[in-house]
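For reference, the structure is listed below as structure tokens.
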Amino acid sequence: MVKNSFISVISQEKKENSGSVEFQVFSFTNKIRRLTSHLELHRKDYLSQRGLRKILGKRQRLLSYLSNKNKVRYKELISQLDIRESKTR
């Protein structure tokens, strides 16, 4: 229920602020979930596996950027999208 309201808020903002870090992470998360469900059916689709790894890397870089710039927005975003917090090195 919380995710649906967040998704509707994000989709309304799509026209206004599609370049924001939050929106980019949201769209990457949707792509990741879609590819993950695809790969559950097609385990040997190596090209999709590569695409999934690339998208995961992009999302991880954006999340690390956001955590460095604004910790509050980062915590709020990962809680709303139900993403695990990144490991610190």
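Residue count for region 32-42 satisfying the condition of being surrounded by fewer than 16 Cβ atoms within 10 Å (Cβ to Cβ) and touching a Gly at 6+ places or on another chain (Cβ under 9 Å): 0.
Does region 69-78 contain at least one residue that is open to solvent by less than 80 Å² (accessible area, probe 1.4 Å) and more than 14 Å from the chain's Cα centre (by Cα)? The answer is yes; a qualifying residue exists.
Checking each residue in region 64-89 for being touching a residue at least 12 places away in the same chain (Cβ under 8 Å), in a helix (DSSP H, G or I) and under 14 Å from T29 (Cβ atoms) picks out L66, L77, I78, Q80, L81. Any residue at all in region 43-63 that's touching a residue at least 40 places away in the same chain (Cβ under 8 Å) and open to solvent by 50 Å² or more (accessible area, probe 1.4 Å)? No; the residues of region 43-63 include none that is touching a residue at least 40 places away in the same chain (Cβ under 8 Å) and open to solvent by 50 Å² or more (accessible area, probe 1.4 Å).
The values are calculated or read from the model by the stated rules, or taken from the named source; none is laboratory data. For clarity, every value in this text was computed on a predicted model and none was experimentally measured. Cβ atoms come from the backbone with ideal geometry, glycine included; neighbour counts cover every protein chain shown. SASA here: full protein model, heavy atoms, side chains in, ligands and nucleic acids out. Shrake-Rupley method; radii C 1.70, N 1.55, O 1.52, S 1.80 Å.
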